[in-house]
Amino acid sequence: MINVVLYEPEIPQNTGNIMRSCKAFNCRLHLIEPLGFHLDERHLRRAGMDYMKTLDYKIYQNFETFLKENGKGQFVFFSRYGLKGFDRCVFDQKAEDIYLIFGKESTGIPKTILKDHLDDTYRIPMIKQARSLNLSNCVAIGIYEALRQTGFDGLSDKEVIKGADWLLK
């Protein structure tokens, strides 16, 4: 399974978009505290996070607790400080779990964490003048590439609401 890990996310709207992506792509979401927002009904509705009721997610007190509970699988870190482009990442099709790890919007994943995972840290290429991309966009790029490499397992490639032949009518 593809897992999205958000290290201390700060902006509820970004997390709401990521929740929607996780639901649509059948990914599990892991949130590492502290969060920059409240996960209560009022705040969630405001941020458009209406997927909470059916979303597969878990909250952890810190990164160490997350690692203890999820020690097996392939771990892929995304950071603007990654030394290689994420197009060089080969997602393990045999891995039971793939973890895509993203940092908080203001500062990313701390250097203290990244230094132990340099070989598994990737950068999304962009022009030199761009500081960064929006977190929810980065997550979507990461999920899509992991799914592409692993064969879009369990996802429909047909329109199911209006029907596969809707354009032909």
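Consider the range 152-165 and keep the residues that are surrounded by 10 or more Cβ atoms within 10 Å (Cβ to Cβ) and free of Cβ contacts under 8 Å to residues at least 60 places away in the same chain. The one that is farthest from TYR122 (Cα to Cα) is GLY163.
Counting just the residues of the range 100-133 that are assigned to a loop (DSSP other than H, G, I, E, B) and among the aliphatic types (A, V, I, L, M), which one comes out surrounded by the most Cβ atoms within 10 Å (Cβ to Cβ)? Reasoning before the result, please.
To start, the set of residues in the range 100-133 that are assigned to a loop (DSSP other than H, G, I, E, B) comprises 103, 105-107, 109-110, 115-117, 124-133.
Of the ones still in play, those that are also among the aliphatic types (A, V, I, L, M) are 109, 124, 126-127, 130, 133.
Values: ILE109: 23, ILE124: 19, MET126: 11, ILE127: 5, ALA130: 10, LEU133: 15.
In this case the residue turns out to be ILE109.
Please determine, by comparing only the residues of the range 134-151 that are assigned to a loop (DSSP other than H, G, I, E, B) and either exposed (fewer than 15 other Cβ atoms within 10 Å of the Cβ) or at positive phi (or both), which one is farthest from the chain's Cα centre (by Cα). Within the range 134-151, the match that is farthest from the chain's Cα centre (by Cα) is GLY151.
Looking at the range 92-99, can you tell me whether even one residue there is of a type in the set (Val, Ile, Thr), at pLDDT 95 or above, closer than 23 Å to ASN70 by Cβ and not in a loop (DSSP other than H, G, I, E, B)? Scanning the range 92-99, I find at least one residue that is of a type in the set (Val, Ile, Thr), at pLDDT 95 or above, closer than 23 Å to ASN70 by Cβ and not in a loop (DSSP other than H, G, I, E, B), so the answer is yes. In the range 1-21, the residue that is farthest from ASN62 (Cα to Cα) out of those that are out of contact with any helix residue (DSSP H, G or I) (no Cβ under 6 Å at 6 or more places or on another chain), of a type outside the set (Asp, Glu) and at pLDDT 95 or above is ASN3.
Answer with yes or no whether LYS104 is under 14 Å from VAL5 (Cα atoms) and either in contact (Cβ under 8 Å) with a residue 24 or more places away in the chain or among the acidic types (Asp, Glu) (or both). Criteria met by LYS104. What tally of residues in the range 90-111 results from selecting those that are within 12 Å of the chain's Cα centre (by Cα) and not charged (D, E, K, R)? Residues that pass the stated criteria total 6.
The values are calculated or read from the model by the stated rules, or taken from the named source; none is laboratory data. Keep in mind that what you see is a predicted model, and the values were worked out from it rather than measured. We place every Cβ from the backbone using ideal geometry, glycine too, and count neighbours over all the protein chains shown.
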